[in-house]
Amino acid sequence: MPDEPRVFQYRGDRELVARLKRDSDLIESITQLAGEEAIYTASFTGIGALKRARLGYYDQGTHEYREISINSPHEIASCIGNVSLKNGQPFVHAHVVLADEEGNTRAGHLLEGIVFAAEVHLRALEGARLERAYDEATGLSLWEVE
Amino acid sequence: MPDEPRVFQYRGDRELVARLKRDSDLIESITQLAGEEAIYTASFTGIGALKRARLGYYDQGTHEYREISINSPHEIASCIGNVSLKNGQPFVHAHVVLADEEGNTRAGHLLEGIVFAAEVHLRALEGARLERAYDEATGLSLWEVE
Amino acid sequence: MPDEPRVFQYRGDRELVARLKRDSDLIESITQLAGEEAIYTASFTGIGALKRARLGYYDQGTHEYREISINSPHEIASCIGNVSLKNGQPFVHAHVVLADEEGNTRAGHLLEGIVFAAEVHLRALEGARLERAYDEATGLSLWEVE
């Protein structure tokens, strides 16, 4: 039953507020933070600005990511993401909306985002190990509880 | 005094992490989840992808929703929403930003969103019954506490 | 070391759910709310609609904000923000994605947003005093803990 809904209950654990390092990759930074703080499940939001980024669009037919390069500075108008486990390690999944100097936007799955400045609020969650496993119907790694 | 600010205090109750069912409607899925879990007030965020969607834009002059059809697969670059009561039942209000294969965006009030994959973090809140009531100034159903 | 990462731990304190006042400025409203409720650190999300807005894009080269005027009603498709201290006073930093009647978007740093209707979930955080201080590398006021 690959398409049944899954609902997992957690307890709030810790609230982290972070200012990410300039020139770091946003995904790598939060992955490293999760590792250092022993965070296995979390939800986060963020705002700030990126120097450049690579976004992904997942083709629901071919099951392949199409890559979108953003080679100029953009505001992070929105960043919403989560931390769960993939192959036993903290794995960050984040989507962003970026805005240019006219306020025009580009958005999608964040593959890489080089930080100019970024303010992140991460809520660590305590509970079952939330692991990603291959889901044949979508070709994506989706949540299961071990 | 239809335009006075209203501030309501709650206590965090439960944190739910959910993977929504493929081909379900995002709004219906969260409404059903709230009903099953006896959640009357909540705040949530989500990311993922939709197969198609209908968005709304509320005309502040005529007080009518204008409907925008999105008939192709899009990433959910952002979903922010809340749960409160309307006519005594859990009611979901959500806004989304969607992104296409070029990273271009469409956004608005989510009327319907057919799920390809969706990861939602919902924070249930414990406190007064937050009910929507008709607000004449805007034509919308806005929050009051009974 | 102006570009080292900073991670601050907090405890969840209070959850506020607010309906902002029509015709107020979103930034001023949340700043005032924080002042009245003695909130020094917080994270929030919001949805709703604005009558008009001024957005900012920070030029990473010249270190100046470029202003973008939005002179018509838009949905608040996303609003993500935080509260911290600047010169000892609660200071609101928020980014928004706005959507017009076609679902087209404009986004950026929110300088001013005149509310038609707005629903905000604010999570107050208890912990160290999170103060903004001038950061020479970016020209921005970024987080330090006193």
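The values are calculated or read from the model by the stated rules, or taken from the named source; none is laboratory data. Please read these numbers as outputs of a predicted model, since none were measured by experiment. When we count neighbours, we look across all protein chains shown, and the Cβ atoms used for this are built from the backbone with ideal geometry, even at glycine.
One table, with the values for the structure above:
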{"quantity": "Region A:22-36 - residue that is surrounded by 19 or more Cβ atoms within 10 Å (Cβ to Cβ) and either within 9 Å of another protein chain (Cβ to nearest Cβ) or not hydrophobic (A, V, I, L, M, F, W, C) (or both) and, of those, nearest to C:THR41 (Cα to Cα)", "calculated": "A:LEU33"}
{"quantity": "From C:LEU142, C:LEU130, residue being surrounded by 18 or more Cβ atoms within 10 Å (Cβ to Cβ) and within 22 Å of C:ARG14 (Cβ to Cβ)", "calculated": "C:LEU130"}
{"quantity": "Residue among B:GLU112, B:GLU131, B:GLU101 that alone is in contact with a Lys or Arg (Cβ under 9 Å, 6 or more places away or on another chain), outside any strand (DSSP E or B) and either within 10 Å of chain A (Cβ to nearest Cβ) or of a type in the set (Asp, Glu) (or both)", "calculated": "B:GLU101"}
{"quantity": "Condition check for A:ASP13: more than 16 Å from the chain's Cα centre (by Cα), charged (D, E, K, R) and on the phi > 0 side of the Ramachandran plot", "calculated": "no"}
{"quantity": "Check on B:HIS109, over 13 Å from B:ILE47 (Cβ atoms) and within 14 Å of the chain's Cα centre (by Cα)", "calculated": "yes"}
{"quantity": "Residue in region A:69-81 that is buried (at least 20 other Cβ atoms within 10 Å of the Cβ), among the hydroxyl-bearing types (Ser, Thr, Tyr) and more than 7 Å from every other protein chain (Cβ to nearest Cβ) present", "calculated": "no"}
{"quantity": "Candidates C:ALA49, C:ALA94 - the one that is modelled with pLDDT of 95 or more and in contact with a Pro (Cβ under 8 Å, 6 or more places away or on another chain)", "calculated": "C:ALA49"}
{"quantity": "C:PHE44 being within 13 Å of chain A (Cβ to nearest Cβ), under 22 Å from A:ARG123 (Cβ atoms), out of contact with any Ser or Thr (no Cβ under 8 Å at 6 or more places or on another chain) and of a type outside the set (A, V, I, L, M)", "calculated": "yes"}
{"quantity": "Residue satisfying condition, being on the phi < 0 side of the Ramachandran plot, touching a residue at least 60 places away in the same chain (Cβ under 8 Å) and either surrounded by fewer than 20 Cβ atoms within 10 Å (Cβ to Cβ) or away from chain A (no Cβ under 12 Å) (or both), within set B:TYR65, B:TYR58", "calculated": "B:TYR58"}
{"quantity": "Yes/no for B:ILE39 being surrounded by 19 or more Cβ atoms within 10 Å (Cβ to Cβ), more than 7 Å from chain A (Cβ to nearest Cβ), touching a residue at least 60 places away in the same chain (Cβ under 8 Å) and in a loop (DSSP other than H, G, I, E, B)", "calculated": "yes"}
